[in-house]
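Enquirer: Here it is, the structure, as structure tokens.
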Amino acid sequence: MRNEEYWNHKKFNLDSLLQSFILQCEYFRAEPETQISGIVIILELDGLTLQKVIRDTPMFLKSLFTFIQEGMGIRLKAYHIVKNPKVFDMIFAFAKPMIQEKMYKRIHFHGSDMSSAYFTGLFG
């Protein structure tokens, strides 16, 4: 099944997306191991299209980054973004001013290169 079939931007609105993320964080926050060790997020953006990017309003992005940086309540050790298409550069350039320096240093872009040392240890 292709990623586009899982990520139907017409079926789920932005509030549903944010609520899903918050619910996942609540689950992880309840785990003692996560409270001690923190988490690493891997975000695969294969299938991201201009239609999906357009719906990400500035207010949504601000809400998302405010939650991640101030309200998530989980130690975020790293944020790995893989299979990011060119259209992602546009939205990230817009969102970059909203990202605090500490978090920005934890964001790693891999594109389609899954051979980095980090991913070799995880998946290889």
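Enquirer: I want to confirm something. Restricting to the range 53-67 and keeping residues that are more than 14 Å from ASP15 (Cα to Cα) and modelled with pLDDT under 75, which single residue is least open to solvent (accessible area, probe 1.4 Å)?
Expert: Here the answer is VAL53.
Enquirer: Quickly run through the range 74-107 and pick out the residues that are touching a residue at least 24 places away in the same chain (Cβ under 8 Å) and over 25 Å from GLY38 (Cβ atoms).
Expert: PRO85, VAL87, MET90, ILE91, PHE94, listed by residue number.
Enquirer: Check whether at least one residue in the range 23-44 is at pLDDT below 85, outside any helix (DSSP H, G or I), open to solvent by 70 Å² or more (accessible area, probe 1.4 Å) and more than 16 Å from MET72 (Cα to Cα), and report yes or no.
Expert: Yes - at least one qualifying residue is present in the range 23-44.
Enquirer: Would it be correct to say that GLU70 is under 20 Å from ARG29 (Cβ atoms), open to solvent by 70 Å² or more (accessible area, probe 1.4 Å) and at pLDDT 80 or above? First the steps, then the outcome.
Expert: Details: under 20 Å from ARG29 (Cβ atoms): yes; open to solvent by 70 Å² or more (accessible area, probe 1.4 Å): yes; at pLDDT 80 or above: yes.
Criteria met by GLU70.
Enquirer: Find the residue count for the range 87-124, including only residues that are at pLDDT 80 or above and exposed (fewer than 10 other Cβ atoms within 10 Å of the Cβ).
Expert: Qualifying residue count, the range 87-124: 4.
Enquirer: Return the total of residues in the range 73-86 being outside any helix (DSSP H, G or I), loosely packed, with under 15 Cβ neighbours inside 10 Å and on the phi < 0 side of the Ramachandran plot.
Expert: The initial filter retains those residues of the range 73-86 that are outside any helix (DSSP H, G or I), namely 73-85.
The next check asks that each one be loosely packed, with under 15 Cβ neighbours inside 10 Å; those that pass are 73, 75, 77-78.
Subset that is on the phi < 0 side of the Ramachandran plot: 75, 77-78.
Number of matching residues: 3.
The values are calculated or read from the model by the stated rules, or taken from the named source; none is laboratory data. Computed from a predicted structure; not experimentally measured. Methodologically, a virtual Cβ is constructed for each residue, glycine included, from the backbone with ideal geometry; neighbour enumeration extends over all protein chains shown. To get the accessible areas, we keep the full protein, side chains included, count just its heavy atoms, and leave off ligands, DNA and RNA. Shrake-Rupley method; radii C 1.70, N 1.55, O 1.52, S 1.80 Å.
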